[in-house]
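Presented below is the structure to which this report refers.
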Amino acid sequence: MYSFDVFDTLITRNTANPWGIFALMKNRLCRERTENDIADYVIDNFFELRIHSEELVRKAGMFQNREEVTLYDIYKSMALCGCLDDRQIEYLCELEKETEIANVVGIDENIQRLKKLIEIGEKVILISDMYLPADTISSMLQKADEIFKEIPLYVSSEYGARKTTGNLYRKVRDLERIEYEEWTHIGDNIYQDIEVPYLLGIKVE
């Protein structure tokens, strides 16, 4: 079996870094200020609030023995400023998902590698440490290439387990009924895509 990391391996964003998505969201919130019913404080400070809300909820999760957070968790954390109700949280979650999908770019070299493996009959799956829900990541992948429509996708936010700890790899092993020595993982992060799976006995690239 071959597994591919998703972000910065198969797809990336057309922003300079992942946080660029938050800048694009802030720009849209500013343009639609009179329509979106979001407090001026949140709009004017959105970029910083989004980054710090994720940091806050991840730190809280450490004390609760939670390995991963969800997009909804992040915006619930932002709501602690007292400026967001449930409807606005849902709106911002949808806006972030929409902005991610609109700005995705495929990494053709690695997509072609994946296609060749499938063509010769190899089992291929996708595995990602990410707070976004699996259906959003699937939409991003399919925008890059239709090949991803039928490929199994394992996301940390869905399983509450991360590649970084090795637990998402362990979960995938159990679900796919595969031995580590029969598995090759391909990714861009030296720690979670190379060192962690290597220590489990997975071949890595």
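The values are calculated or read from the model by the stated rules, or taken from the named source; none is laboratory data. Just so it is clear, the structure is predicted and the values come from calculations on it, not from any experiment. For neighbour counting, all protein chains shown are included, and Cβ atoms are generated from backbone atoms with ideal geometry for every residue, glycine included. Accessible surface areas use protein heavy atoms only, side chains included; no ligands, DNA or RNA. Shrake-Rupley method; radii C 1.70, N 1.55, O 1.52, S 1.80 Å.
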Return a yes/no flag: does the stretch 137-159 have any residue that is modelled with pLDDT under 95 and surrounded by fewer than 17 Cβ atoms within 10 Å (Cβ to Cβ). yes
Name the pairs whose Cβ atoms lie under 6 Å apart, with the first residue in the stretch 159-184 and free of Cβ contacts under 8 Å to residues at least 24 places away in the same chain, the second among the β-branched types (Val, Ile, Thr), and 6 or more positions between them or separate chains? Tyr180/Ile202
Restricting the stretch 56-69 to residues that are over 19 Å from Glu94 (Cα atoms) and in a loop (DSSP other than H, G, I, E, B), the residue that is most open to solvent (accessible area, probe 1.4 Å): Asn65
Report, by residue number, each residue of the stretch 160-179 that is aliphatic (A, V, I, L, M) and either part of a helix (DSSP H, G or I) or surrounded by fewer than 18 Cβ atoms within 10 Å (Cβ to Cβ) (or both). Leu168, Val172, Leu175, Ile178
Could you please tell me which pairs satisfy a Cβ distance under 8 Å, a separation of 6+ or placement on different chains, a first residue in the stretch 186-205 that is farther than 17 Å from Leu117 by Cβ, and a second residue that is open to solvent by 60 Å² or more (accessible area, probe 1.4 Å) and not acidic (Asp, Glu)? Val196/Thr165; Leu200/Arg170
Residue pairs qualifying under the 8 Å Cβ cut-off, at least six apart or on distinct chains, with the first in the stretch 3-26 being in a helix (DSSP H, G or I) and the second being open to solvent by 10 Å² or more (accessible area, probe 1.4 Å) and of a type in the set (Val, Ile, Thr), are Ile21/Thr15; Ile21/Thr99; Phe22/Ile51; Ala23/Thr15; Leu24/Thr15; Leu24/Thr99; Met25/Thr99
